[in-house]
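Contents: one structure, followed by commentary.
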Ligand SMILES: *Cc1c(COP(=O)(O)O)cnc(C)c1O
């Protein structure tokens, strides 16, 4: 059957991978080198300088393409560097329509770095994708979707968004960090670009910062490889190795993240001291049907509001947690708790935050793969 049409749970391990040519090493060596010997000027084995390409990074990029059902993977030094490369496809005067409750760092990059270069960003509630149409102009050159959204766990219909994008010939990019290709593969749903913060679930062990883009179109891939090389926001060989290793267990980890996420979502939902839980797997959640159709399961991310809590109450609860670590980031094997208003989303003005539902008392949890009972006991003693 070959390695080309493997199922997802095999692609994570074998996708785009071959034993190393030199000694048959099963894992690609960490090619910790900046340059490569040439036999004559311009004569080399495909590698000249590690900003342009490095064999460990190539192995990772092939794996990324394989798990996202794409043709090309392009790895960067961070998720933000990957987004930055996408925005560099644009020119002054261009407009972008973006999800409104998106990752705080993406918002900061759009508003504080790129607006001054003459690019306009419209932040739109895409829970109803038809809202996108209201902002389409002749200058719209990119639609940016994040789903599930961070931290409100809203679901955006990727197929419906891609229909609007195609109707107006606008490229559609999807930040697939929260879902990972285990849950959804946006290229199959009509997206043109998939973006990852590989720092999160792909790496999966909270030991590396990295980003990635995956595309199908050759011309688009060439433009992005050019930006990767020309702007230079690359990832190193050691980090490439770590994420490649992380991807090999992605499906097993995600399965447990989803199981634990579900257990904790229901525990919190039934807790008398919890006001509201945001998790896309409740039948009562907005866009539940879309979530069920476009995702294989509901993931390990959720947010909640403790009953009657204010800013300080939320912080007090988080400080009491002992198994959950108070930290930014998500998607690692260990459970983390965060306070969006003072941490990940502090760069978004309070007014803008609250429009998206990110109230001061909101607590975000990244559910790890520990024993679910330990996590529930920890929440129990903290919430009281
Ligand atoms: C973390 C994150 C990013 C940014 O990625 P970095 O690796 O931190 O640069 C972008 N989008 C989402 C959804 C994220 O969670």
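Every number in this text was worked out from the coordinates using simple rules, so none of it is lab data. Nothing here was measured: the structure is a model prediction, and the numbers come from that model. Here Cβ is always computed from backbone atoms with ideal geometry, including for glycine, and neighbour counts include all displayed protein chains.
Points worth noting:
- Residue within segment 118-126 that is within 11 Å of the ligand (Cβ to nearest atom), in a loop (DSSP other than H, G, I, E, B) and touching a strand residue (DSSP E or B) at 6+ places or on another chain (Cβ under 6 Å) present: no
- Going through (1) within 17 Å of residue 212 (Cβ to Cβ); (2) in a loop (DSSP other than H, G, I, E, B) one by one, residue 59 falls short only on (2).
- Of the residues making up segment 14-53, just one is touching a strand residue (DSSP E or B) at 6+ places or on another chain (Cβ under 6 Å) and surrounded by 12 or more Cβ atoms within 10 Å (Cβ to Cβ), namely 49.
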